[in-house]
Amino acid sequence: MTTPRYLPGGQFELRVALLGQGFMGKAHSNAWAQVGHFFDIPYRIRRKLIAGRNATALEQMAQRWGWEETTTDWRSAIDRSDIDAIDIALPNYLHAPVALAAAQAGKIILCEKPLAISLAEAETMAQAAQNLPTLVWFNYRRVPAVGFAQQLIADGRLGTIHHYRAAYLNQSGVDPSRAATWRMDPQQAGSGATGDLLSHLVDTALWLKQTYINYRTVLHHLSLEGDGERIVAAATYQETRDRLRTIWHATFESAP
């Protein structure tokens, strides 16, 4: 397993390779640049390498966000001995092959959600990386209001929680002037809005209650007047300890 370098002063240097130069690539670049300004962390983050397909745009992005090097081949990041952590911000269908290669190389693996495009892929990834440091980017856990709610629940100040309801409203797919992206292709996106949006609500439920849950997801397709389709994802779960039924929902609108 790759080991971060020890630096004088008691810190370790974490050398990161970010795979992905789209919207999430920018979001992750900002996070790596800013995390030390807000939190006391045991690492000195080194933005070592960024990977993407557009070489020209990649060079510009590297200069803007402080990445030392660029590559158009994600496999080269896996093979390098001077990379400790692989940050996967690629389309969903690439999560599994990249994570499996990173696990084989003994890297720290940080992967965007949804983890994979199928349960079988996710289980294979988890098995391959079971002895490595890993993280899935469920960032809403760090929203101050969510963190405060979790603390209130943990302290017992809200009593026993019997019901959880959340909505994730997103309109990124309804602009007719924008071309369709890989997110509209089930072969590349997997579960679509369920994995991209509903997964945040599932994780928030787990985070707030700190308990194991079993859940099932049901999709309903509702036609609207005019162009477009609204996809409403609803899920129910039942806790294993006290058998309390809880529901949540997410809505997502997309152009045909």
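The values are calculated or read from the model by the stated rules, or taken from the named source; none is laboratory data. Predicted, not measured: the structure shown is a model, and the values here were computed from it. Reconstructed Cβ throughout: ideal geometry from the backbone, glycine too, with neighbour counts over all protein chains shown.
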Exercise. Hey, which of the strands (runs of 3 or more DSSP E) in region 45-157, taking only ones fully inside, have at least 3 residues that are within 27 Å of residue 191 (Cβ to Cβ) and not hydroxyl-bearing (Ser, Thr, Tyr)?
Worked result: 85-88, 108-111
For this session: Return the total of residues in region 59-117 being in contact (Cβ under 8 Å) with a residue 60 or more places away in the chain and hydroxyl-bearing (Ser, Thr, Tyr).
Result: 2
Problem set entry | Single residue of region 193-221 satisfying the filter (modelled with pLDDT under 80 and polar (S, T, N, Q)) that is nearest to residue 153 (Cα to Cα) | 210
Seminar exercise, completed: Within region 35-44, the residues that are under 20 Å from residue 111 (Cβ atoms) and in a helix (DSSP H, G or I) are 35
Seminar exercise, completed: Within region 154-180, of all residues that are modelled with pLDDT of 75 or more and among the β-branched types (Val, Ile, Thr), the one nearest to the chain's Cα centre (by Cα) is 161
